[in-house]
Amino acid sequence: MNIAIITPIKHLPGVQKLIESKGSIFYLEEGNKHEVRNLLLTKNIDTIICNPNQQTYKIDKELLEGTQVSLINTCSTGMNHIDVNYCNNANVTIYSLTKDYKLINNLPSTSELAFGLMLSLLRKIPESKHHTLNYQWDYTQFIGRQVKDLKIGIIGYGRLGKMMEGYCRAFNAQTFIYDPYVGVPQTSLEQMFQECDVISLHVHVTNETKYMISSKLLGLSKKGLYLINTSRGEIVNEEDIVQALGNKNLLGYGADVIEDEFDDLTKSPIIKAMNEGKNIIVTPHTGGMTIEGQTRAYKWAINKL
């Protein structure tokens, strides 16, 4: 088995030794698409191990056509970095962690980040840091909100949504759920946007969820809503997010994802608006990027080989 590693793994305890027991290993942890394709062709690679977080390109026909790749093993639940339709038609098998519930039910890293993004917005933590970096000490600019007294909506009540709700309830916040596929008391999206102070997104990208958060819902919001997105950038209409921040329907947007993460980041309306001073916090898809979470996920994925 000739295996190409196209995602960083050497920082994870025991992972490099494990993968090197599975076949002939070729590392190109931060290569571009052209470099990866050259590796696939020259080393007769049949297996790719990847993860979307560091990847700046899509694994698609342009990358794979004419290679011997028959298996893509992604150490993630999401697969938006892979052209799944092309792989299915080309008889390339894809392994992911999407349904490995024994593993992922014990990986709270992304929900922890969602809660951290919420606290950072509510308590204006980044702005406070920059304030004191300039040797200033005026708290009046940074008076925030107290989680205990807020109404928090959770859209998507699967593994990560349940964890996020648990953190919010531990802080004694009032929580509301929207997920038509689970049998729990529900709040409609319209009511959620009208009543909640914070809404956090925990859904996969599907035809149903793509751009589900747009001006139609954002226009219903009570002034001062905070929106948290650690799902995928495509869940929201990013232009509408920027507009809602401008007219104060949104008071803040915290995201670990943007649409077109594999494209030129200077084209992102979210990052552009953040640079222009809008109340946005964007992290570079670090949700699952903890030592504990990554090590368990990568070892699990590699053992599938």
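The values are calculated or read from the model by the stated rules, or taken from the named source; none is laboratory data. What you see is a predicted model; the values in this text were computed from it and never measured. As a convention, Cβ positions derive from the backbone with ideal geometry for all residues, glycine included, and neighbour counts pool all protein chains shown. The protein model used for the area step is the full one, side chains on, heavy atoms only, and it has no ligands, DNA or RNA in it. Shrake-Rupley method; radii C 1.70, N 1.55, O 1.52, S 1.80 Å.
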Scan the range 260-281 for residues that are under 27 Å from M192 (Cα atoms), touching a Gly at 6+ places or on another chain (Cβ under 8 Å) and either of a type in the set (A, V, I, L, M, F, W, C) or modelled with pLDDT under 95 (or both) and jot them down. I270, I280, I281
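Condition first: of a type outside the set (V, I, T), in a helix (DSSP H, G or I) and touching a residue at least 12 places away in the same chain (Cβ under 8 Å). Now tell me which residues in the range 273-299 satisfy that. Write out each step before concluding.
We begin by selecting, within the range 273-299, every residue of a type outside the set (V, I, T); these are 273-279, 284-285, 287-289, 292-294, 296-299.
Next, from what is left, pick out any that are in a helix (DSSP H, G or I): 273-275, 292-294, 296-299.
A273, E292, G293, Q294, R296, A297, Y298, K299, listed by residue number.
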Counting only residues that are under 16 Å from T110 (Cβ atoms) and either open to solvent by less than 70 Å² (accessible area, probe 1.4 Å) or among the polar types (S, T, N, Q) (or both), the range 290-304 contains a total of 6
For K267, state whether it is under 30 Å from K33 (Cα atoms), out of contact with any Phe, Trp or Tyr (no Cβ under 7 Å at 6 or more places or on another chain), without any contact (Cβ under 8 Å) to a residue 12 or more places away in the chain and open to solvent by 60 Å² or more (accessible area, probe 1.4 Å). yes
Is it the case that the range 229-244 has a residue that's open to solvent by 20 Å² or more (accessible area, probe 1.4 Å), in contact (Cβ under 8 Å) with a residue 24 or more places away in the chain and within 13 Å of the chain's Cα centre (by Cα)? yes
Taking the condition of being of a type in the set (A, V, I, L, M), within 19 Å of N279 (Cα to Cα) and touching a residue at least 40 places away in the same chain (Cβ under 8 Å), how many residues in the range 107-143 meet it? 6
Checked against (1) open to solvent by 40 Å² or more (accessible area, probe 1.4 Å); (2) closer than 19 Å to V282 by Cβ; (3) not in a helix (DSSP H, G or I), I199 satisfies every condition except (1)
Being part of a loop (DSSP other than H, G, I, E, B), surrounded by 16 or more Cβ atoms within 10 Å (Cβ to Cβ), of a type outside the set (D, E) and under 23 Å from the mean Cα position of the chain (by Cα) is the requirement here; does I9 meet it? yes
Long-range neighbours under 9 Å by Cβ, at least six apart or interchain, first residue under 20 Å from S109 (Cα atoms) and at pLDDT 95 or above within the range 166-181, second among the hydroxyl-bearing types (S, T, Y) and open to solvent by less than 90 Å² (accessible area, probe 1.4 Å): G166/S111; Y167/S111; C168/T175; C168/S200; R169/T175
L41: open to solvent by 70 Å² or more (accessible area, probe 1.4 Å) and over 27 Å from R296 (Cα atoms), yes or no? yes
